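Comments concern the structure below.
The values are calculated or read from the model by the stated rules, or taken from the named source; none is laboratory data. Source: prediction; values computed, not measured. Every residue, glycine as well, gets a Cβ built from its backbone with ideal geometry; the counts of neighbours run over all protein chains shown. In case anyone asks, the SASA skips ligands and DNA or RNA and just uses the protein heavy atoms, side chains included. Shrake-Rupley method; radii C 1.70, N 1.55, O 1.52, S 1.80 Å.
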Amino acid sequence: MPIPGSGLAKGLAVTLRTMTKRAHTAQYPEVQPELPPRTRGVIGLFEENCTVCMLCARECPDWCIYIDSHKETVPAAAPGGRERSRNVLDRFAIDFSLCMYCGICIEVCPFDALFWSPEFEYAETDILELTHERDKLREWMWTVPAPPALDPAAEEPKEIAAARKAAEKAEAAAAAAAAETTGPTTPETDTPTTPEGDA
């Protein structure tokens, strides 16, 4: 059976312990917080990499990505070739009033057109201003931090290892072909010379 007043005593003990500690107050916005470099703040768009594949808009669970595009005909690169068509981006917008910052759009993008930026100060007084068009998303792109350097002790990536092996194989084949075309070289033999007057 609990002792009467034990709960009150525990509460007062917590209060007394807290009163002796110094309070830590973050002086925001005068002092900016130190955020990790991969903080999910806002999404930046690298427009040149976007192929209008619509994967980000289709996979977004909140349907907060709006993309418009049109098709253009690209002339043949060589005579006798056929014309090709390509998508041209007209509009790319993200409504951050709906976005839940899950990062699915960034993960599914096959061409690395979307990136996380640690910037988080984009509050607005009008909710309509939270829909960032592609020009604004392009500005956020320049705040994206550089990726961390590779660990020097890590294993070599498979793609680089395969490319290096193929290059070494091609160099060995070229060296062997060059050796075959020049043919074997015979070393010159020194012929003994006789001094003058010996006959």
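Only four residue types carry charge here, +1 at the Cβ of Lys and Arg and -1 at the Cβ of Asp and Glu. Report the dipole size of region 79-131 about the Cα centre in Debye, rounded to the nearest 20. Don't skip to the answer; put the middle values down first.
Working: 4 positive and 10 negative charges, 121 e Å.
Dipole of region 79-131, to the nearest 20 debye: 580 debye.
What 222 nm value per residue comes from the helices of the chain, counting each DSSP H run with n ≥ 4 as -39,500 (n - 2.57) and dividing by all residues, nearest 500 deg cm²/dmol?
It lands at -9000 deg cm²/dmol.
Can you find, among 42, 69, 174, the residue sitting farthest towards the positive end of the charge dipole of the chain, where Lys and Arg contribute +1 and Asp and Glu -1 at Cβ?
42
Per residue, what accessible area does region 1-149 have, given a 1.4 Å probe and all protein chains present, in Å²?
For region 1-149, the per-residue accessible area is 73 Å².
Put +1 on the Cβ of each Lys and Arg and -1 on the Cβ of each Asp and Glu in the chain; which of 143, 97, 108 then has its Cα farthest toward the positive end of the dipole?
97
Around residue 102, under 13 Å between beta carbons, what's the net of Lys plus Arg minus Asp minus Glu among the other residues? If you can, show how the numbers build up before the last one.
Details: positive: 40; negative: 59, 62, 107.
Result for the neighbourhood of residue 102: -2.
Could you tell me which of rounded, prolate or oblate describes the chain, using a ≥ b ≥ c as the square roots of the eigenvalues of the alpha-carbon gyration tensor, with rounded for a/c under 1.5 and, failing that, prolate when a/b is larger than b/c and oblate otherwise? Show your work: numbers first, answer last.
Working: a/c = 3.90, a/b = 1.78, b/c = 2.20.
Here the chain falls in the oblate category.
What is the dipole size for region 1-81, taken about its Cα centre, with +1 at each Lys and Arg Cβ and -1 at each Asp and Glu Cβ, in debye to the nearest 20?
In debye, rounded to 20, region 1-81 gives about 860.
Under a point-charge model restricted to the Cβ atoms of Lys and Arg (+1) and Asp and Glu (-1), what is the dipole moment magnitude of the chain relative to its Cα centre, in debye to the nearest 20? Intermediate results must be reported in sequence, preceding the final value.
Numbers: 19 positive and 32 negative charges, 309 e Å.
So the magnitude is around 1480 debye.
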